[in-house]
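Here is the structure we will look at, set down as structure tokens.
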Amino acid sequence: MNRTKIIVIGALMAGIATIFQSIPFYLSEAFALLTILSAIPVYTAARTNPVSGALSYVITVILLLFVSPHEALMFLFTNGVVGLSLGSTSYFKLNKILSVGGSSVIQTIFLCILNYGLDISIFGIKIPGTIIIQLILILGSTMGYNFAYQAFADFIYKRIKTSGITDIGANEKK
């Protein structure tokens, strides 16, 4: 894939991810659940080419800083990490269990930075128990989330790929 195409796909997906992630800012916090969709463009870009996915991730964070620093922080530590890690592992054709496991560990690390380093509660409440139990709870929830999100993102990616609208995935590794 040539560099221009990588840059264009990354920038286009960053714009779409920014729109999805900024929904609560423009509409209301009642629509915050829709921010889950902001990982799909990053996943698509990363699955097409990991460099494009990383570009999309960074540009989305920069664009969100102009819209809402809070949403930029949430994307940086949650949805963006999910899209980038799952998309990149799918690009390299890793086993689904290995892909979800690796992505879950990465997301757990980022959520711990958010929860313990920045003191932002990730579940809305203080997680009960000792630090080990808290880490197990976070890892367990991220594994469930990443498993479900992998299936959802694969479905969306295959629909985009077979739609004929774009040639995303045309140069995918076989």
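Say we look at the range 1-55 and pick out the residues that are of a type in the set (Phe, Trp, Tyr) and closer than 14 Å to Glu71 by Cα; which of these is surrounded by the fewest Cβ atoms within 10 Å (Cβ to Cβ)? If we take residues in the range 1-55 being of a type in the set (Phe, Trp, Tyr) and closer than 14 Å to Glu71 by Cα, then Tyr26 is surrounded by the fewest Cβ atoms within 10 Å (Cβ to Cβ).
Within the range 114-141, track down each residue that is of a type in the set (A, V, I, L, M), exposed (fewer than 13 other Cβ atoms within 10 Å of the Cβ) and assigned to a helix (DSSP H, G or I). Correct list: Ile131, Ile132, Ile133. No other residue among Ser90, Ser103 is of a type outside the set (A, V, I, L, M, F, W, C), in contact with an Asp or Glu (Cβ under 9 Å, 6 or more places away or on another chain) and within 27 Å of Leu137 (Cβ to Cβ) apart from Ser90. Summed over the range 56-69, the residues that are out of contact with any Phe, Trp or Tyr (no Cβ under 8 Å at 6 or more places or on another chain), surrounded by fewer than 24 Cβ atoms within 10 Å (Cβ to Cβ) and not aliphatic (A, V, I, L, M) give a count of 2.
Read-outs throughout are calculated quantities, based only on the coordinates presented, and are distinct from any laboratory measurement. Just so you know, these numbers come straight off a predicted model, no measurement behind them. Because the Cβ atoms are built from the backbone with ideal geometry, glycine has one as well, and the counts that use them run over all protein chains shown.
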